[in-house]
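A short worksheet on the structure shown next.
The values are calculated or read from the model by the stated rules, or taken from the named source; none is laboratory data. Not measured: the values here are computed from a predicted model. Here the Cβ positions follow ideal geometry from the backbone for every residue, glycine too, while neighbour counts run over all protein chains shown. Each accessible area value is taken on the protein alone, full model and side chains, heavy atoms only, with ligands, DNA and RNA left out. Shrake-Rupley method; radii C 1.70, N 1.55, O 1.52, S 1.80 Å.
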There are 2 protein chains.
Amino acid sequence: MANCITIPEAMKFCSKCGHPVETRIPPGDQRPRAVCGHCGTVHYENPRVVVGCVPEWQGRILLCRRAIEPRRGFWTAPAGFLEIGESMHAAAARETDEEALAQVEVGSLLSVVNVLHAAQVHVMFRATMRGERHGAGAESLETGLYAEAEIPWDEMAFASVRFALERYFADRRAGLERVHFHDIVR
Amino acid sequence: MANCITIPEAMKFCSKCGHPVETRIPPGDQRPRAVCGHCGTVHYENPRVVVGCVPEWQGRILLCRRAIEPRRGFWTAPAGFLEIGESMHAAAARETDEEALAQVEVGSLLSVVNVLHAAQVHVMFRATMRGERHGAGAESLETGLYAEAEIPWDEMAFASVRFALERYFADRRAGLERVHFHDIVR
């Protein structure tokens, strides 16, 4: 989840021909876009998708303490940017492998959080660990398995992950697997 | 759903400083990225999110016949790119207003389709029309309300929308509102 709270930087030059772009509303559009004054290319910027999961092992949850900014030293569930050519389920499993060195079976959809100020959508799944093995990947300082009562709520890195964990435990107590939506604006 | 089957064009110039970019794997990364040889900016490209809904009015479903490429003349449910600063629910309602001049209450999540060859995720919701009024927006040739038996299955524009509609009717018959995942690779 690198670069997690930055919005796309304003485009200054056309990525296709290298000439300066101007900001204007193209014909038939309703929003200002970066448009190349030389080749006419319209450069659309859209939200990015961050995908992760809540990995469970014998009732406990796998968390990672972040080794990178933003929110270095704070705790999160494994999550990161969806890559081109990758399904959401595959991304959740890959991020868990990279950040927590753990293998998971990705389960049902847990939460979709529109992080509006960051131009991101954070999508979290339930997941089951295939074994107890875990450890700190390159982006983590440490990893740990936490019972609900042990979760470091005051040291969570991201509101979207806190939201997902709260709903995870509430649903687990109720014996349900629901999908939860939430909007965050700083 | 303009530009719906195109993948992001390869970046040739840095959008921040206008110098040529090169393709290489940045330190700590696992994938080739466009990196500026002048200012060092790494330009990440990620899938874009298309959001839409299946609007229902008294048992019938609102569809639009596309006035634009790709798939001009074929039928779709209202859908389009999620914009920065916009929630998924807001995007589904906006696209329905723009493409079919209809007002909807967006309901439960219906389907999430990873359209891998297009670098897109297509997210569809159930929705209820607030009234019978509908009509062709700028991107539609016509709109219509269809009973299940009347859906023009052989003239559907996109596999992701066909998937959503099939699951919509199956769930409605079963009295369920489930979330369905699917991957499409051309």
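Key figures for this structure:
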quantity: Accessible area in square angstrom per residue, chain A, 1.4 angstrom probe; calculated: 44
quantity: Projected label distance in nm at residue B:142 and residue A:182, using a 7 Å step from Cα toward the beta-carbon; calculated: 4.6
quantity: Listed residues B:31, B:172, B:72, most fluctuating in chain B (Gaussian network, C-alpha, under 10 Å); calculated: B:31
quantity: Distances in nm from residue B:69 to the matching label points in the other copies, shortest first (labels 7 Å along Cα to Cβ); calculated: 4.5
quantity: Most mobile of A:77, A:174, A:67 in a GNM of chain A (Cα contacts under 10 Å); calculated: A:174
quantity: Helical contribution to [θ] at 222 nm, DSSP H n ≥ 4, -39,500 (n - 2.57), averaged over the protein assembly as shown, rounded to 500; calculated: -5000 deg cm²/dmol
quantity: Copies compared at residue A:186 - label distances in nm, ascending, label defined 7 Å from Cα in the Cβ direction; calculated: 3.8
quantity: Straight-distance crosslink candidates among aspartates and glutamates, where the alpha carbon sits under 12 Å from residue B:16 and sequence neighbours closer than 8 are dropped; calculated: A:9
quantity: Packing rank of A:157-163, A:18-24, where each peptide gets the mean count of other beta carbons within 10 Å, highest leading; calculated: A:157-163, A:18-24
quantity: Rounded tilt (10° steps) of B:88-100 against the dominant C-alpha axis of chain B; calculated: 60
quantity: Highest-MSF residue in chain A out of A:56, A:150, A:105 [GNM, Cα springs under 10 Å]; calculated: A:150
quantity: Relative compactness, the protein assembly as shown, computed as alpha-carbon Rg over 2.2 N^0.38 Å; calculated: 1.02
quantity: Per-residue average of Cβ from other chains inside 10 Å of A:82-95; calculated: 5
quantity: Shielding by other protein chains, A:10-20, mean Cβ within 10 Å; calculated: 5
quantity: Peptides A:84-97, B:134-147 ordered by average Cβ neighbours within 10 Å, highest first; calculated: A:84-97, B:134-147
quantity: For residue B:33, residues with placed amide H under 5 Å, excluding near neighbours; calculated: B:24, B:25
quantity: Using alpha-carbon coordinates, inclination of helix A:159-174 to the longest axis of chain A, degrees; calculated: 40
quantity: Carbon + sulfur, % of accessible area of the protein assembly as shown - ligands and nucleic acids excluded, 1.4 Å; calculated: 49
quantity: Label geometry 7 Å along the beta-carbon vector: residue B:153 inter-copy distances in nm; calculated: 5.0
